[in-house]
Amino acid sequence: MLLLFTLGFHADHVLRRLMMVGNEDVERILIVTAKPVVRAVRQAFHEIASLCDRMYLPTPQLLELPIDDPGTSVAFLYREIKDRSHIVADLSGGMRPVVVVTLLALLLATGRSYVELYVSGEREDAPVARIPLNIFNYVLTKNMSEEKLEILDIVWKVPGLSKHDLAQYLNKSDRTIRAHLSELKRYELIEDRGSKGLHPTTWTKLVLDIFKSE
């Protein structure tokens, strides 16, 4: 797992996320900020590095982006993250240009990686938005088969179907349906509630609306 953070003068959002994730499967930690790095940002980075050391996490790497050259910044950051299978990114801190550049690089990475995006306000008790970013890879590339769209449509209209019921409804084998569901569940477009069957998520209608409007 790659942990990626945008950083400004305060490291609170990074420290909270590191404590929540722990050290399980963390292979690399990237901290993204604007170039040149000012003293306050350097101090915030040292706080992060100190916590990583105490938690036996990988030593974080500070990436300085030239925000006056967004094309170069996106390309540089994309090269750093593109080969990671799972990315957890928290963009709750840092300058707006840094956040936007990082978001663009993450969107490009969804072609190869599973990306979880977190964004929250500055206060500790602020609500946190979690976004499975790969959904937007589907939307932007139109890379979704008719079978997957049909599955989403049926589960949206008839929530609670079992996998076997869905296979019979579509006249497909159970194995074929399981393969489609595996990807749809990974990208959080369908939720499997066990004995309560298959249910749409809050993202299902968005994807259906976009593809049906074409």
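The numbers here are math on the coordinates, done by the rules we state, and not lab data. Nothing here was measured: the structure is a model prediction, and the numbers come from that model. Because the Cβ atoms are built from the backbone with ideal geometry, glycine has one as well, and the counts that use them run over all protein chains shown.
What are the extents of the Cα atoms of segment 144-212 along their three principal axes, in Å, largest first?
27, 23, 21
Would you kindly calculate the mean projected area, averaged across all directions, of the convex hull enclosing the Cα atoms of segment 59-214, in square nanometres?
So the Cα hull casts an average projection of 11.8 nm².
Under a plain spin-label model, where a point goes 7 Å from the Cα along Cα-to-Cβ, how far apart in nm are ASP192 and GLU64?
Reported label-point gap for ASP192 and GLU64 is 4.8 nm.
Which GluC sites (Glu not before Pro) from segment 79-177 combine a DSSP loop assignment with at most 12 other Cβ atoms within 10 Å?
Passing sites in segment 79-177 are GLU122, GLU124.
By how many nm would the segment from THR72 to ALA179 lengthen if fully extended, with 0.36 nm per residue of separation less the alpha-carbon distance? Could you put the intermediate results ahead of the total?
On the way: separation 107, 0.36 × 107 = 38.52 nm, distance 3.82 nm.
So the chain would gain 34.7 nm between THR72 and ALA179.
Could you name the aspartates and glutamates whose alpha carbon sits less than 20 Å from that of LYS148, not counting residues in the same chain fewer than 8 places away?
Partners found: ASP165, ASP174, GLU183, GLU188, GLU191, ASP192, ASP209, GLU214.
Please get the size of the charge dipole for segment 2-138, origin at its Cα centre, with Cβ charges of +1 on Lys and Arg and -1 on Asp and Glu, quoted in debye to the nearest 20. Write out the running numbers ahead of the final one.
Values: 14 positive and 16 negative charges, 37 e Å.
So the magnitude is around 180 debye.
Relative contact order for segment 2-138 using alpha-carbon pairs under 8 Å, separation at least 6, rounded to a whole percent? If you can, show how the numbers build up before the last one.
On the way: 244 pairs, mean separation 36.9, N = 137.
Relative contact order here is 27 percent.
Report the gain in length on full extension from MET1 to ARG112: 0.36 nm times residue separation, minus Cα-Cα distance, nm rounded to one decimal.
Here the answer is 38.6 nm.
Find how many whole Å separate the alpha carbon centroid of segment 1-37 from the alpha carbon centroid of segment 173-213.
31
Considering the dipole of the chain built from charges on the beta carbon (Lys and Arg +1, Asp and Glu -1) around the Cα centre, which of LEU170, PRO159, LEU62 is farthest to its positive end?
Checked the options; the winner is LEU170.
Find, among the trypsin sites (Lys or Arg not before Pro) in segment 131-214, those assigned to loop by DSSP (not H, G, I, E, B) with at most 14 other beta-carbon atoms within 10 angstrom.
LYS142, ARG193
Just to compare against my own numbers: the Cα pair-distance distribution for segment 2-138, 10 Å bins, whole % per bin, please.
Once binned at 10 Å, the Cα pair distances of segment 2-138 give 12, 46, 37, 5, 0.
Among ASP90, ASP12, rank each residue by its count of other Cβ atoms within 10 Å, from fewest to most, as a rough exposure measure.
Numbers: ASP90 24, ASP12 15.
Ordered by Cβ neighbours within 10 Å, fewest first: ASP12, ASP90.
Around LEU63, which amide H atoms from residues at least 5 apart in sequence, or from another chain, sit under 5 Å from its own amide H, with H modelled in the peptide plane?
Correct list: ILE31, VAL32, THR33.
Which of PHE211, PHE136 has the fewest other C-beta atoms within 10 Å, and how do the rest follow up to the most?
Ascending number of Cβ neighbours within 10 Å: PHE211, PHE136.
Work the Kirkwood hydrodynamic radius out for segment 68-137: mean of 1/r over every pair of different alpha-carbon atoms, inverted, in Å.
Every distinct Cα pair counted, the radius reaches 12.5 Å.
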